[in-house]
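All remarks here apply to the structure that follows.
The values are calculated or read from the model by the stated rules, or taken from the named source; none is laboratory data. Nothing here was measured: the structure is a model prediction, and the numbers come from that model. Heads up, the Cβs are rebuilt from the backbone with ideal geometry, glycines too, and the neighbour counts pull from every protein chain shown. Just so you know, the surface numbers come from the protein's heavy atoms only, side chains and all, with ligands and any DNA or RNA stripped out. Shrake-Rupley method; radii C 1.70, N 1.55, O 1.52, S 1.80 Å.
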Amino acid sequence: MKLEAITLREIRMPLVSPFETSFGRTTERRILLVQVHAGGAEGWGEVTCGETPFYSHETTDTARHIIADFIAPMVLGKPFEHAAELRAMMRLIRGHAMARAAVEDAVWEMQARLAGQPLARFIGGSRAEIACGVSIGIKSTIAEQIAAVGKELAAGYQRIKVKIKPGWDVEVLRALRREFPRARLMGDANSAYTLADAAHLRQLDALDLMMLEQPLWHDDIYFHAELQRQLRTPICLDESIETARDAEQAIALGACKIINVKLGRVGGFSSAREVHDVAQRNGIPVWCGGMLESGIGRAHNIAMSTLPNFTLPGDVSASRRYWQEDIIEPEVEVSAQGTITVPTAPGLGYTPRLDLMRRLTAWEKTLR
Ligand code: OSB
Ligand code: MG
């Protein structure tokens, strides 16, 4: 098959409430959607990067540039059999994994639909439902943070992650542990610490946390191993893992005991499956991370979470936690047991709402 066109569309979606991490605060998303077209068929993808280069180097604007000026000429009109081949077609591009992933994953979605299979099964997944956690942003007071956690536990979410940073960490998690003695709790630092904070972070060991996510530098593996030797709390790597090789190195060095897999960060389904397989061979559980995705990216995350080694609840939660109205139908819903039922219809398993997308569109361009 050959791709005949790629449509890029930037939509603006205000979050129902602002999301704050150690690197900044998001109130409105600028999301770049990708639609691939081939022989009358089409597939949907989402670029999962942020608006700012503070989580990774990619932004909504760099993704537009990379897809329009480099990826499109590499893939349009070029023959391939399977979506997994797209990665090799884009291999000259260094980095920009989220831009590459959006295009590759749109092709996986299209081929799943053409094969009459749900995306989850097409990528090799087998779960009928997935376990859900939530990621809760930094609040202005501990009382507010406790209220936010209580609300999500009451809704049924199986694991609570809170964002931490220097000055908003041990005290907050201690208060949450006191209030919710049996909850599965974790913290995500988004690289806000250095090894000089090891003694401070060791106080977390008393709080029975499931894990501490990405405490140190975004591009570091080696020093996370040093920190893990000083902590009982399992370290989970997010930012540091961009390829299966990164996962192999991190595991070999003892830099983490758990891996957060984000489809965009690792460059799409083919790379995500490799990261998954490396972790599985080494007895390291993985879970699906989130990037405040719209329904399109969320549907891809649900599919990825059905692979066998996704054994921990992910940051894949209900559409309504983020959006007044999501751009897919039905919206993603989470049961009172904290699960999402994996759709069984071919492809994405949800219907993109073109009417709503049109209203949210800032600009649109079709590359041929
Ligand atoms: O580090 O996991 C992260 C959101 C944006 C950038 C980085 C992260 C996050 C989240 C939110 O934690 C996860 C979600 O609910 O989509
Ligand atoms: Mg993270």
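Might you check whether a residue that is within 16 Å of ligand 2 (Cβ to nearest atom) and among the small types (Gly, Ala, Ser) occurs anywhere in the stretch 190-203?
Yes, the stretch 190-203 has at least one match.
With the structure loaded, tell me whether Leu204 is within 17 Å of Ile146 (Cα to Cα) and buried (at least 18 other Cβ atoms within 10 Å of the Cβ) or whether it fails that test. Reasoning before the result, please.
Values: within 17 Å of Ile146 (Cα to Cα): no; buried (at least 18 other Cβ atoms within 10 Å of the Cβ): yes.
Criteria not met by Leu204.
With of a type in the set (Ser, Thr, Tyr), over 14 Å from the mean Cα position of the chain (by Cα) and away from ligand 2 (no atom under 14 Å from the Cβ) as the only criterion, which of Ser270, Ser294 stands out?
Ser270
Which of the residues that make up the stretch 219-240 are more than 11 Å from Ala255 (Cα to Cα) and within 14 Å of the chain's Cα centre (by Cα)?
Hits for the stretch 219-240 are Asp238, Glu239.
Taking Gln280 as meeting all but one of (1) open to solvent by 10 Å² or more (accessible area, probe 1.4 Å); (2) not in a helix (DSSP H, G or I), write down the number of the exception.
(2)
So, in the stretch 132-148, of the ones that are assigned to a helix (DSSP H, G or I) and more than 14 Å from ligand 1 (Cβ to nearest atom), which residue ends up surrounded by the most Cβ atoms within 10 Å (Cβ to Cβ)?
Checked the stretch 132-148; the qualifying residue surrounded by the most Cβ atoms within 10 Å (Cβ to Cβ) is Gln145.
Filter the stretch 201-244 for residues that are touching a His at 6+ places or on another chain (Cβ under 7 Å) and not in a loop (DSSP other than H, G, I, E, B) and give the result.
Correct list: Ile235, Leu237.
Starting from the stretch 248-269, take each residue that is assigned by TED's automatic domain parsing to the domain that holds Glu85 and list its partners that are surrounded by fewer than 24 Cβ atoms within 10 Å (Cβ to Cβ), counting only C-beta distances under 7 angstrom and pairs at least six apart or across chains.
none
Table: residues versus (1) of a type outside the set (Asp, Glu); (2) closer than 30 Å to Ala252 by Cβ; (3) away from ligand 1 (no atom under 12 Å from the Cβ).
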| position | (1), (2), (3) |
| --- | --- |
| Arg281 | yes, yes, yes |
| Val286 | yes, yes, yes |
| Ser317 | yes, no, no |
| Ile327 | yes, no, yes |
| Ser335 | yes, no, yes |
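Any idea how many residues of the stretch 308-344 are open to solvent by 10 Å² or more (accessible area, probe 1.4 Å) and either free of Cβ contacts under 8 Å to residues at least 60 places away in the same chain or more than 15 Å from the chain's Cα centre (by Cα) (or both)?
20
Please work out which one of (1) of a type in the set (A, V, I, L, M, F, W, C); (2) in a helix (DSSP H, G or I); (3) closer than 21 Å to Lys163 by Cβ is the condition Ile259 fails and give its number.
Of the numbered conditions (1) of a type in the set (A, V, I, L, M, F, W, C); (2) in a helix (DSSP H, G or I); (3) closer than 21 Å to Lys163 by Cβ, the odd one out for Ile259 is (2).
Can you find a residue that is touching a residue at least 40 places away in the same chain (Cβ under 8 Å) and either surrounded by fewer than 16 Cβ atoms within 10 Å (Cβ to Cβ) or part of a strand (DSSP E or B) (or both) anywhere in the stretch 69-77?
Checked the stretch 69-77: at least one residue is touching a residue at least 40 places away in the same chain (Cβ under 8 Å) and either surrounded by fewer than 16 Cβ atoms within 10 Å (Cβ to Cβ) or part of a strand (DSSP E or B) (or both).
If you go through the stretch 210-222 one residue at a time, do you hit one that is surrounded by fewer than 17 Cβ atoms within 10 Å (Cβ to Cβ), closer than 20 Å to Cys132 by Cα and either hydrophobic (A, V, I, L, M, F, W, C) or within 16 Å of ligand 1 (Cβ to nearest atom) (or both)?
no
Return a yes/no flag: does the stretch 78-88 have any residue that is open to solvent by less than 40 Å² (accessible area, probe 1.4 Å), among the hydrophobic types (A, V, I, L, M, F, W, C) and more than 22 Å from the chain's Cα centre (by Cα).
There is at least one residue in the stretch 78-88 that is open to solvent by less than 40 Å² (accessible area, probe 1.4 Å), among the hydrophobic types (A, V, I, L, M, F, W, C) and more than 22 Å from the chain's Cα centre (by Cα).
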